[in-house]
2 protein chains.
Amino acid sequence: MPGPTLRDVAKRANVSIRTVSNVVNGYAPVSDELRTRVQAVLDELDYRPNLIARNLKQGRTGMIALVVPELDVPYFAELAREVITAARAHGYVVMIDQTDGAVERERELLGRDSRATLFDGLLLSPLAVTAEELRGRANRIPIVLLGEHIFNGSFHHVAIDNVAAAREATAHLLGLGRRRVAAIGDQPYATGETAQLRTIGYRQAHAHAGLPVDEELIVATPHFHRRLGAQAMERLLALPEPPDAVFCYNDLLALGAMRALTRAGRRVPGDVAVVGLDDIEEGQYSTPSLTTVAPDKGEIARAAVETLMESINGRAANPAEIVVPHRLIVRESTTGG
Amino acid sequence: MPGPTLRDVAKRANVSIRTVSNVVNGYAPVSDELRTRVQAVLDELDYRPNLIARNLKQGRTGMIALVVPELDVPYFAELAREVITAARAHGYVVMIDQTDGAVERERELLGRDSRATLFDGLLLSPLAVTAEELRGRANRIPIVLLGEHIFNGSFHHVAIDNVAAAREATAHLLGLGRRRVAAIGDQPYATGETAQLRTIGYRQAHAHAGLPVDEELIVATPHFHRRLGAQAMERLLALPEPPDAVFCYNDLLALGAMRALTRAGRRVPGDVAVVGLDDIEEGQYSTPSLTTVAPDKGEIARAAVETLMESINGRAANPAEIVVPHRLIVRESTTGG
DNA sequence: CATGATGTCTGCATCGTTGCAGAGCTGCCA
DNA sequence: TGGCAGCTCTGCAACGATGCAGACATCATG
């Protein structure tokens with residue numbers, strides 16, 4: 001089953017292994033006559049270079065790893081798509097793994113038995129692992145973090161300005177005249193840094209508008225899934241004074257919330273306006289379509305891969321905090337008829 | 001930057017390289033005293049085995065590749081998730097690539113410069129490449145095909161019974177008393193084999209019910225995306241006698257169709273009932289929720305990985321046609337209030 | 001005490017490729 | 001004709017790990 005090696009080709013063509021290698025790679029000068037002869041044998045045997053061997057010799061694999069919590073969460077799927085595309089532009093392929101948000105799975109990555117040595121670099125979208133741990137058990141390969149804010153500047157990190165994004169989303173709702181704007185998705189504990197940034201933005205928008213925040217309207221959720229969005233919305237609807245708008249910390253929560261609203265007979269945006277964050281494709285096709293804050297996913301992927309490549313190639317700058325643009329996309333869930 | 005090697009550890013611990021290797025792998029008997037001493041040095045230097053070197057020696061990489069058309073299509077994202085999980089159970093990791101449905105990208109995979117030699121096996125969900133081509137340019141690594149029906153038995157192939165799935169979906173609509181049941185998603189050309197199977201099932205259901213098929217109600221779409229589902233639905237609504245139900249060949253088409261229906265002021269299922277296929281999570285949360293045929297994605301992934309592992313381990317049976325179960329999940333889009 | 005079995009440990013070869021240094025040939029010029 | 005450059009081509013060593021055969025010491029056995 002193993003294919004022919006350079007040696008096999010060399011023997012058959014009566015040349016040295018090195019010459020065959022030169023023909024394959026087009027490196028060194030080879031006379032036309034010889035090149036043709038060797039090429040013929042290469043074709044005849046259908047030679048394929050053994051990339052593992054090449055990698056061993058060259059000390060790199062041409063592969064990076066992308067680790068996300070859940071690949072079937074649309075945001076990560078869309079991001080993964082962009083990462084694969086961006087990596088390809090650098091001649092790299094992408095191994096994808098998921099942690100299911102489990103700390104131990106994230107730790108495994110850094111541990112003794114991780115497969116990390118197979119990759120030239122690692123893009124990590126951490127949920128649970130802390131900066132301390134990352135630093136302590138830091139692997140030997142370059143790492144770029146995605147999304148979660150790690151507060152100290154130990155690693156390259158690519159993300160949108162979460163505070164601004166949340167502020168703009170909330171301001172949009174307030175600007176529509178809504179006065180009881182809820183927030184779904186806070187995570188007031190150590191690993192919920194991104195959520196907390198969004199809560200800050202939510203509060204800032206209120207402050208700028210000179211409006212108080214009703215703490216009752218901030219609902220925490222341990223995850224960012226549809227089901228929890230629906231549950232949170234139900235709880236909000238049960239309040240004596242339910243909200244007339246809600247900013248959800250991601251689109252899935254928002255879609256779940258809209259589902260709960262529809263089921264409860266409320267109209268969106270008539271009774272309650274809804275804004276999400278992530279701009280997953282699904283939001284364009286929901287009924288009503290979803291107003292959302294769109295991070296530039298292509299840019300996130302490009303910046304992350306670019307930064308990783310620089311680290312891999314040793315042109316590593318100091319750990320950089322890279323902020324990627326976002327924009328509010330207004331659709332029916334806030335302004336629909 | 002490169003980490004310590006076995007040699008480094010060996011030198012420092014004053015033992016042979018081979019002994020260090022034995023300690024690392026727990027292979028051969030090593031005295032407790034020596035094991036402790038070596039382990040101490042391993043820890044001290046934070047040794048990590050170079051997996052590329054190990055792979056070269058052992059002739060396998062512990063990686064498989066999964067190639068899908070588009071990772072951000074929910075069905076493929078969900079499938080990818082299951083594949084990653086299934087592969088992990090075998091100690092394997094998964095490299096994911098996407099072809100965007102481009103023939104040339106699928107061909108690249110099989111070509112001279114593909115990275116295929118890095119992987120022990122390949123799971124391919126082909127769109128455009130034909131069985132002929134696959135066989136002709138067949139790579140040296142084991143391949144298992146997903147989804148698309150390749151008519152001759154040259155490769156292992158895992159899929160649901162597409163004819164039966166489509167038949168059941170259509171029968172469900174007919175059973176509800178609908179009499180003008182449309183079909184969205186036919187692909188009457190060489191690379192649309194799966195779609196054609198679904199059309200066969202659609203016809204069978206009509207035949208079983210003793211009803212004629214109105215050819216006008218079968219709408220072809222080059223892709224299975226939301227936008228095309230919406231467009232197709234609009235075309236159907238423009239007919240003199242529009243349909244009262246529609247079977248979409250996947251959930252995205254169905255969601256797009258529902259979107260078009262809502263926009264046109266038709267009620268689902270009141271005016272038009274909708275059935276999809278794939279059971280993507282989004283369908284549970286759409287308004288109305290989507291009736292669909294659910295392939296057992298976990299089982300698809302497990303069967304595919306299992307089969308691939310058998311090929312890799314040389315216990316390869318003849319190319320097998322593996323049929324995975326599916327079931328109709330009835331939700332609001334056909335029976336809702 | 002010789003023998004062989006057992007338990008540890010080691011060195012060499014090897015996986016398939018590429019980096020490096022240099023061998024051999026040709027042609028040109030002084 | 002000798003010397004030198006330039007072009008091809010080659011062989012050896014190496015990447016870092018593991019498979020294998022065997023060295024050596026210890027111990028039990030007849």
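The values are calculated or read from the model by the stated rules, or taken from the named source; none is laboratory data. Just so you know, these numbers come straight off a predicted model, no measurement behind them. Don't worry about glycine lacking a Cβ; one is built from the backbone with ideal geometry, like all the others, and counts go over all protein chains shown.
Cβ-Cβ distance below 8 Å, separation of 6 or more or different chains: which pairs start in region A:189-217 with a residue that is among the basic types (Lys, Arg) and end on one that is in a helix (DSSP H, G or I)?
A:ARG198/A:ASN162; A:ARG198/A:VAL163; A:ARG198/A:ALA165; A:ARG198/A:ALA166
Within region A:10-23, work out how many residues are in contact with a helix residue (DSSP H, G or I) (Cβ under 7 Å, 6 or more places away or on another chain) and not hydroxyl-bearing (Ser, Thr, Tyr). Before the answer, list the steps.
Narrowing region A:10-23 to residues in contact with a helix residue (DSSP H, G or I) (Cβ under 7 Å, 6 or more places away or on another chain): A:10, A:12-13, A:15-17, A:19-21, A:23.
Going one step further and asking which of them are not hydroxyl-bearing (Ser, Thr, Tyr), we end up with A:10, A:12-13, A:15, A:17, A:20, A:23.
Number satisfying all stated conditions: 7.
Could you list all residues from region B:22-36 that are near DNA strand C (Cβ under 10 Å from one of its atoms) and either within 17 Å of A:GLY59 (Cα to Cα) or surrounded by fewer than 17 Cβ atoms within 10 Å (Cβ to Cβ) (or both)?
Just the residues of region B:22-36 that are near DNA strand C (Cβ under 10 Å from one of its atoms), to begin with: B:22-23, B:27-35.
Those that are near DNA strand C (Cβ under 10 Å from one of its atoms) and either within 17 Å of A:GLY59 (Cα to Cα) or surrounded by fewer than 17 Cβ atoms within 10 Å (Cβ to Cβ) (or both): B:TYR27, B:ALA28, B:PRO29, B:SER31, B:ASP32, B:GLU33, B:LEU34, B:ARG35.
Working only within region B:40-81, note down all residues that are among the hydrophobic types (A, V, I, L, M, F, W, C), surrounded by fewer than 17 Cβ atoms within 10 Å (Cβ to Cβ) and within 12 Å of DNA strand C (Cβ to nearest atom). If you could, list the steps in order and put the result at the bottom.
The initial filter retains those residues of region B:40-81 that are among the hydrophobic types (A, V, I, L, M, F, W, C), namely B:40-42, B:45, B:51-53, B:56, B:63-68, B:71, B:73, B:76-77, B:79-80.
With the extra rule that they be surrounded by fewer than 17 Cβ atoms within 10 Å (Cβ to Cβ), the set shrinks to B:40, B:45, B:53.
The answer is B:ALA53, and nothing else.
Filter region B:3-40 down to the residues that are within 14 Å of chain A (Cβ to nearest Cβ) and outside any helix (DSSP H, G or I), then identify the one that is nearest to DNA strand D (Cβ to nearest atom).
Among those residues, the one meeting the criterion is B:THR5.
Criterion first (modelled with pLDDT of 95 or more, surrounded by 18 or more Cβ atoms within 10 Å (Cβ to Cβ), within 14 Å of chain A (Cβ to nearest Cβ) and at negative phi) does B:ALA301 satisfy it?
yes
Scan region B:160-179 and give yes if some residue there is in a helix (DSSP H, G or I), out of contact with any Gly (no Cβ under 6 Å at 6 or more places or on another chain) and within 30 Å of A:THR99 (Cα to Cα), otherwise no. First the steps, then the outcome.
Going through region B:160-179, the residues in a helix (DSSP H, G or I) turn out to be B:162-175.
If we keep only those that are out of contact with any Gly (no Cβ under 6 Å at 6 or more places or on another chain) too, we end up with B:162, B:164-165, B:168-175.
Checking the rest, the ones that are also within 30 Å of A:THR99 (Cα to Cα) come to none.
There is no residue in region B:160-179 that is in a helix (DSSP H, G or I), out of contact with any Gly (no Cβ under 6 Å at 6 or more places or on another chain) and within 30 Å of A:THR99 (Cα to Cα).
Taking region B:267-283, which residues are away from chain A (no Cβ under 14 Å) and of a type in the set (Asp, Glu)?
B:ASP271
Which ranges mark the helices (runs of 4 or more DSSP H) fully within region B:260-337 that have 1 or more residues being under 22 Å from B:GLY177 (Cα atoms) and out of contact with any Gly (no Cβ under 7 Å at 6 or more places or on another chain)? Quick ask: steps written out before the conclusion?
Values: elements: B:282-285, B:297-312, B:332-335.
Ranges flagged: B:332-335.
Taking into account only those residues within region A:89-127 that are of a type in the set (Asp, Glu) and in a loop (DSSP other than H, G, I, E, B), which is farthest from the other protein chains (Cβ to nearest Cβ)?
Pass one, region A:89-127, residues of a type in the set (Asp, Glu): A:97, A:100, A:104, A:106, A:108, A:113, A:120.
Narrowing further to those that are in a loop (DSSP other than H, G, I, E, B): A:100, A:113, A:120.
Details: A:ASP100: 9, A:ASP113: 9, A:ASP120: 11 Å.
Per the criteria, the residue is A:ASP120.
Evaluate the following for B:LEU211: is it within 22 Å of B:ALA171 (Cβ to Cβ), more than 23 Å from the chain's Cα centre (by Cα) and crowded, with 22+ Cβ neighbours inside 10 Å? Full working, then the answer.
Working: within 22 Å of B:ALA171 (Cβ to Cβ): yes; more than 23 Å from the chain's Cα centre (by Cα): yes; crowded, with 22+ Cβ neighbours inside 10 Å: no.
In short, no.
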